[in-house]
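Here is the structure we will look at.
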Amino acid sequence: MPDKFAERSENASLGSKIGPVYYAAAPHVLVNFIQLLLLTVERSDGSPGSNAVRIFDSLRQKYTGSFGVNSDTVNKLLDMIAEKYFGVVVQRQQSIFDLVNSLFAAPPSRPAITSNNVDEDMD
């Protein structure tokens, strides 16, 4: 284990199911964000009205300024995490590319009825 990280086992309330919680010796904002995010995901029960969703939103608001030039990418990833682990439905805007793609997409195929009984009933 590098000297930059230290395990804090004296605080049992911060224990995790995924292993010990490590803290950066020189506090780094993004390391703390990731650790808190993992603990929040672990706490989630998958329902959109849970306390974990409120904690997730609070974390997201607090650390939004820390993502820098990667904020768009991080926000997309956080949207995916919100959908998968918290049951939150994220509404996305359709781009013109998505609209044109849907116009030229093949129609959904219908299953063919293959039954010999259909011909016998009609006779």
Roughly how many nanometres apart are two label points built 7 Å out from the Cα toward the Cβ at N75 and E42? 2.9
If R₀ is 22 angstrom, what is the calculated FRET efficiency for the pair N51 and V90, using the beta carbon separation as r and rounding to 0.05? 0.65
Residue by residue, what Karplus-based ³J(HN,Hα) values in Hz, rounded to whole numbers, does the range 42-47 have, using 6.51, -1.76 and 1.60 with θ = phi - 60° and x for Gly and Pro? 5, 7, 5, 10, x, 9
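Where a number appears in this text, it was derived from the coordinates with a stated rule and is not lab data. Note that the structure is a prediction, hence the values are computed from the model and not measured. All Cβ positions, even for glycine, are placed from backbone atoms using ideal geometry, and neighbour counts span all protein chains on display.
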